[in-house]
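Trainee: Quick one: the structure is below, questions incoming.
The values are calculated or read from the model by the stated rules, or taken from the named source; none is laboratory data. Here the structure is a predicted model, which is why all the values come from computation and not from measurement. Note that each Cβ is placed from the backbone with ideal geometry, even for glycine, and that neighbours are counted across all protein chains shown. With ligands, DNA and RNA removed, areas are computed over all heavy atoms of the protein, side chains included. Shrake-Rupley method; radii C 1.70, N 1.55, O 1.52, S 1.80 Å.
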Amino acid sequence: MDIYSTLTRDKQDFKTINENRVNLFVCGPTVYDDAHIGHGRTYIAFDTIKRYLEYSGYAVFYIQNITDIDDKIINRSKESGIPAHDIARKFEKRYIEDMNRLNVTGVNLFARATDHLNEIIGQIQRLIDKGFAYESEDGVYFEIEKFKEFGKLSNRKVEELESHRNLAHTSKRNEQDFALWKKREGSDEPVFSSPWGDGRPGWHIEDTAITEYYFGDQYDVHGGGLDLIFPHHEAEITQMEAVSGKSPMVRYWLHTGFLNVNGEKMSKSLNNFITIRELLKDWDADTFRFFVLSTHYRSPIDFSKDSLHQSQKSLEKIKKFYSSLDVDAGEVECDSKILRTAQDEFFASMDDDFNTPKAIAAIFVLINECKNTDLSGNDKIAIKSFLDDVSYMLGVDFNLEEVSSGSDELFDLIMNVRQELRAAKQYDLSDKIRDELNDLGYEIND
Ligand code: AMP
């Protein structure tokens with residue numbers, strides 16, 4: 001299996017530290033709002049990568065951190081008057097619900113920053129003891145000059161950190177030094193105690209403290225979106241390699257391309273986003289997942305309803321073909337050359353840096369070839385079994401939706417109960433039911 005690493009900028013044969021085991025870490029969300037479909041793109045990509053690694057025989061342990069203490073959360077708390085802790089827990093819960101609906105189920109451990117303060121403080125202390133970090137008036141900083149290899153992941157220079165710093169009112173030795181611990185700034189912000197006074201961790205240190213705790217100082221794969229290469233991942237390497245004295249911290253650095261709208265990255269700050277919840281009101285999760293996987297994970301995706309519609313039609317084609325393969329088991333051995341060719345192409349593509357669009361193309365070749373062939377019952381069984389595996393690897397269900405009258409009846413029943421609650425003026429409960437149904441994608445207007 002060949003995997004492209006941002007660190008070496010080429011594809012390399014995949015060799016793990018421990019045979020058949022993969023320790024995988026992907027930067028998780030900052031939980032202050034609902035996740036948008038750009039986030040969905042990145043997490044679908046890594047979920048599929050995990051699925052494929054497992055299918056290929058690796059035991060994968062996949063950790064995602066949850067940034068539950070951060071400026072964005074604190075600002076949201078100040079705006080709304082809701083405690084930062086409550087905001088973080090609410091959006092963490094909603095994030096995990098969204099991921100489950102996208103069939104992104106591969107994360108083995110969600111590690112909150114605030115649950116790892118001992119590890120964070122311990123790592124900062126060792127950086128100070130080794131002379132890489134120093135305490136100042138307003139925090140603890142990493143002294144960037146002390147780590148000569150800074151920039152090896154991004155090929156960018158220390159000076160470029162300037163654009164990411166917030167120099168105002170800081171007491172750093174050098175402009176580019178980045179924060180490991182931020183001392184309390186105001187009385188209304190959440191703080192944690194530390195040897196350097198009350199405050200909170202910097203963003204970069206939470207990831208290396210978490211990965212060092214669970215994986216040790218070197219591990220196999222680190223992932224995230226392209227925007228995290230600099231300065232976040234660069235700072236992670238700096239911290240971890242400084243503290244451990246070992247290199248490389250991570251063998252393979254994988255970065256996803258952006259999901260764009262009209263050529264611009266979908267993001268909260270540009271206000272051009274669609275939340276996963278909004279999308280799933282009109283589109284099913286399989287369609288979105290299939291849409292995402294129809295582009296290679298490192299390439300940008302241009303999001304539009306038209307291309308989503310195109311993906312829906314393509315997926316429909318696979319589903320119809322899949323349902324046509326229903327036959328009774330039995331008969332003779334399958335010797336379908338068509339199937340073997342499709343399998344070879346599918347696995348060769350996935351082994352080539354998880355090239356899902358090429359792998360999916362092999363499925364369409366298979367479908368077209370089958371149209372011109374008289375398949376035996378066992379051919380069909382073998383092809384169906386292969387498609388079941390593909391469905392698992394891509395995380396996309398190939399069963400045609402069954403129109404379930406049962407769920408309609410259940411929905412009517414809930415609506416009737418809600419009407420009775422409203423008639424009895426029990427609005428708290430009836431509004432709660434409406435909000436939760438809205439979250440599930442049902443539009444209910446009174
Ligand atoms: P954030 O909470 O903004 O740090 O994002 C969480 C993860 O989603 C990071 O790995 C980001 O790189 C990724 N991400 C954010 N926006 C997009 C986007 N438009 N396309 C792809 N990935 C994104």
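Trainee: Would the stretch 261-394 count as rounded, prolate or oblate if I go by the C-alpha gyration tensor, calling it rounded below 1.5 in a/c and otherwise prolate when a/b exceeds b/c, oblate otherwise?
Mentor: Because a/c hits 1.5 or more and a/b exceeds b/c, the stretch 261-394 counts as prolate.
Trainee: Hey, if we sort Glu54, Glu79 by accessible area with the 1.4 Å probe, largest down, what's the order?
Mentor: I get Glu79, Glu54, largest accessible area first.
Trainee: Provide the solvent-accessible area of Cys27, counting protein heavy atoms only and rolling a 1.4 Å probe, rounded to the nearest 10 Å².
Mentor: Only protein atoms counted, so the area is about 10 Å².
Trainee: Rounded to the nearest 10 Å², what accessible area does Asp344 show when all protein chains are kept and the probe is 1.4 Å?
Mentor: Approximately 110 Å² for this residue.
Trainee: When DSSP beta bridges are limited to those with both residues in the chain, what percentage is antiparallel, rounded to the nearest 5?
Mentor: Counting only bridges with both partners in the chain, antiparallel ones make up about 45 percent.
Trainee: A further question follows. Of the heavy-atom accessible surface of the stretch 261-394 (probe 1.4 angstrom), what whole percent is carbon and sulfur?
Mentor: 47
Trainee: Ordering Tyr58, Tyr427, Tyr252 by how much accessible area each has at a 1.4 Å probe, largest first, what is the list?
Mentor: Tyr427, Tyr58, Tyr252
Trainee: Quick check on my link table: of Lys265/Lys313; Lys93/Lys432; Lys320/Lys380; Lys337/Lys358; Lys78/Lys281; Lys148/Lys265, which ones sit more than 22 Å apart, alpha carbon to alpha carbon?
Mentor: Lys265/Lys313; Lys78/Lys281; Lys148/Lys265
Trainee: Using only the Cα atoms of the stretch 6-165, build the gyration tensor, take square roots of its eigenvalues as a ≥ b ≥ c, and label the shape rounded, prolate or oblate: rounded if a/c is under 1.5, else prolate if a/b is larger than b/c, else oblate.
Mentor: Here the stretch 6-165 falls in the oblate category.
Trainee: Can you give me the accessible area per residue for the chain, using a 1.4 Å probe, in Å²?
Mentor: 47
Trainee: When a/c reaches 1.5 or more, the comparison of a/b and b/c decides; with that in mind, is the chain rounded, prolate or oblate per its Cα gyration tensor?
Mentor: Oblate shape, in that a/c is at least 1.5 and b/c is the bigger or equal ratio.
Trainee: Return the Rg/Rh ratio of the stretch 195-284 with Cα-based radii and a Kirkwood Rh.
Mentor: With Rh from the inverse mean 1/r over Cα pairs, Rg/Rh is 1.09.
Trainee: Which part of the stretch 67-107 falls in the paramagnetic zone of Asp188, meaning amide N under 20 Å from the point 7 Å along Cα-to-beta-carbon?
Mentor: Within reach of a label on Asp188, which here means backbone N under 20 Å from a point 7 Å along Cα→Cβ, the stretch 67-107 contributes 69-89.
Trainee: Using a Förster radius of 56 Å, what is the FRET efficiency between Lys78 and Glu369 based on their Cβ-Cβ separation? Nearest 0.05, please.
Mentor: It comes out at approximately 0.40.
Trainee: Right, another one. Among all the lysines, which ones have a C-alpha under 20 Å from Lys152's C-alpha, if same-chain residues fewer than 8 places away are not counted?
Mentor: Lys11, Lys246
Trainee: So for His232, His39, His204, what's the accessible-area order with a 1.4 Å probe, most first?
Mentor: His39, His204, His232
Trainee: Going by alpha carbons, how many degrees (0 to 90, nearest 10) lie between the helix axis of 377-394 and the longest principal axis of the chain?
Mentor: 20
Trainee: Where both residues lie in the stretch 200-310, what percent of DSSP beta bridges are antiparallel, nearest 5?
Mentor: Rounded to the nearest five, the antiparallel share is 20 percent.
Trainee: How much length would be gained if the chain were fully extended between Glu175 and Lys320, taking 0.36 nm per residue of separation minus their Cα-Cα distance, in nm to one decimal?
Mentor: Length difference between fully extended and current span is 46.2 nm.
Trainee: What percentage of the solvent-accessible surface of the stretch 2-256, computed with a 1.4 Å probe over protein heavy atoms, is contributed by carbon and sulfur atoms?
Mentor: That share works out to 45 percent.
Trainee: Exposed loop sites here are trypsin sites (Lys or Arg not before Pro) in DSSP loop states with at most 13 other C-beta atoms within 10 Å. What is the longest stretch of the chain lacking them?
Mentor: 247-424
Trainee: Relative contact order for the chain: what percent, with Cα pairs under 8 Å and sequence separation of 6 or more?
Mentor: Computed value for the chain: 17 percent relative contact order.
Trainee: If you count the DSSP beta bridges with both ends in the stretch 2-256, what percent of them are antiparallel, to the nearest 5?
Mentor: 45
Trainee: If you take the beta carbon distance between Leu109 and Asp284 as r and set R0 to 30 Å, what does 1/(1 + (r/R0)^6) give as a FRET efficiency, to the nearest 0.05?
Mentor: Step by step, r from the Cβ atoms, then E = 0.60.
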